[in-house]
Amino acid sequence: MLSSSLEKFITEKALNLAAYKAEHVSAPVSLHANENPYPPSPELLNELRESLEMLELNRYPDPDGHKLKARLSERLDTAPENLVLGNGSDELIQLLMQVFCNPGDRIAFPDPTFSMYSIIARGLGVEPYPLELNDQWDFEAPENFELWKKERVKIVFFSYPNNPTGNCFSADEIQKVLDNFDGIIVLDEAYYDFARKSFIEKLKEYPNLILLRSLSKIGLAGFRVGYGIADPCIISHINKMRLPYNLNSVSQFMAERLLARFSTVEDQVNLLLKERERLNTQLMNTEGITPYPSDSNFILFKTAGDGTTLHQRLLSDGVLIRNLIGHPRLKDCLRVTVGTPEQNDQFISFLTKKVSE
Ligand SMILES: *Cc1c(COP(=O)(O)O)cnc(C)c1O
């Protein structure tokens, strides 16, 4: 059989799928993926080295992640029964669609947002139902939710703060969804540590609310750890769908230890928040650049000239940021992750040079 004839076996939904564009090129200054620019502390790395024997790596990991869940429950003041662990929160997004959607159902989300919602949906035969954001990148709840019902919307995802626009949507508008939508509401709080705003207090009152968090933006992107907080009924159904050993032993260990030493992360976040303000001011002072307000560890900005050209020129100088031209509302928009003071200086100095060229 010719390998070119293999396509006849591939499902329509797989054939039609466009892959997530994760640039994995190494650039001297990588400010494209919203990671923490600081590597794990020497203390944490030491713990990792010393733990390797204790972890019994010839054995399967703890399928229920007891230790990590215990640490999280303590920090979040919630019961372990309210928690599910994921191989990154991406995996949990997929599991939620598997639990709540049949092929042909829809998932709603403000648009533009995190592209994985619609990529994962399409892979499962679930249709995206985008809700256009207003000119301030804010979400406006519909007058009534009949249309959502008619369109078979089963889940609405709010990236809070929103990636890639950077802002948190008006809490009042999300509240209208909580009060009126007869379906599942997901608050994806991947950037919670930078926004320090959350819907966690609403979980008791709204059992159809699910929160997602991640350790990827605060230092452990390479370990792939995310978690969900929800009603125990929802958690138990996710657990049936979840593969039993989805989170490996080393990641469970590192996540627990990162949380045990969280003051290091808090110091880094405080520094990054100061850097975000500095970067924002510098972007505002750069001619031809308009930054949008951010509650996250990145800033979206509009360029007066061609965005792709600027993106390429920065890359040729070793500075990689994210180009978002794939979306009609983000023409000539670029997104930069807040880095260390040195990285931000480099980015700004190249940017000012390139914009005026
Ligand atoms: C980065 C990101 C995620 C994915 O996080 P992982 O835990 O690394 O899978 C989820 N949601 C949003 C909005 C993100 O930006």
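Checking the stretch 344-351 against the condition returns no match, with no residue being assigned to a loop (DSSP other than H, G, I, E, B), under 15 Å from ALA33 (Cα atoms) and touching a helix residue (DSSP H, G or I) at 6+ places or on another chain (Cβ under 6 Å). Within the stretch 106-124, the only residue that satisfies the criterion of being in a loop (DSSP other than H, G, I, E, B) and closer than 18 Å to MET241 by Cα is LEU124. Before we move on, is PRO110 assigned by TED's automatic domain parsing to the domain that holds ASN208 and away from the ligand (no atom under 14 Å from the Cβ)? Spelling it out, it is not the case that PRO110 is assigned by TED's automatic domain parsing to the domain that holds ASN208 and away from the ligand (no atom under 14 Å from the Cβ).
In the set ASN87, ASN34, only one residue is in contact with a Ser or Thr (Cβ under 6 Å, 6 or more places away or on another chain) and within 16 Å of the ligand (Cβ to nearest atom); that residue is ASN34. The residues on offer are GLU81, GLU91, GLU74, and the sole one that is within 13 Å of ARG213 (Cα to Cα) and part of a helix (DSSP H, G or I) is GLU91. Can we say ALA141 is loosely packed, with under 15 Cβ neighbours inside 10 Å, touching a residue at least 24 places away in the same chain (Cβ under 8 Å) and away from the ligand (no atom under 14 Å from the Cβ)? Answer is no for this residue. Find all pairs meeting these conditions: Cβ atoms under 6 angstrom apart; at least six residues apart or on different chains; first residue within the stretch 192-208 and under 30 Å from LEU271 (Cα atoms); second residue of a type outside the set (D, E, K, R) and assigned to a helix (DSSP H, G or I). Filtered contacts from the stretch 192-208: ASP193/ILE218; ASP193/VAL269; SER198/TYR192.
Where in the stretch 188-292 are the strands (runs of 3 or more DSSP E), entirely inside, with at least 3 residues that are closer than 24 Å to PRO164 by Cβ, within 15 Å of the ligand (Cβ to nearest atom) and in the same structural domain as GLN346 (by TED's automatic domain parsing)?
none
Counting the residues of the stretch 323-357 that are buried (at least 22 other Cβ atoms within 10 Å of the Cβ) and of a type outside the set (Val, Ile, Thr) gives 6. Looking only at residues of the stretch 104-130 that are aliphatic (A, V, I, L, M) and in contact with a Phe, Trp or Tyr (Cβ under 7 Å, 6 or more places away or on another chain), we find that the one that is farthest from PHE158 (Cα to Cα) is ILE119.
From the list LEU320, LEU314, which residue is farther than 30 Å from LEU131 by Cβ, over 24 Å from the mean Cα position of the chain (by Cα) and either surrounded by 15 or more Cβ atoms within 10 Å (Cβ to Cβ) or not assigned by TED's automatic domain parsing to the domain that holds ILE348 (or both)?
Details: LEU320 fails: over 24 Å from the mean Cα position of the chain (by Cα).
Within the list LEU320, LEU314, the selection yields LEU314.
Restricting attention to the stretch 166-197, the residues that are of a type outside the set (A, V, I, L, M) and in contact with a Ser or Thr (Cβ under 8 Å, 6 or more places away or on another chain) total 7.
The values are calculated or read from the model by the stated rules, or taken from the named source; none is laboratory data. Remember, predicted model here, so these are calculated numbers, not experimental data. All Cβ positions, even for glycine, are placed from backbone atoms using ideal geometry, and neighbour counts span all protein chains on display.
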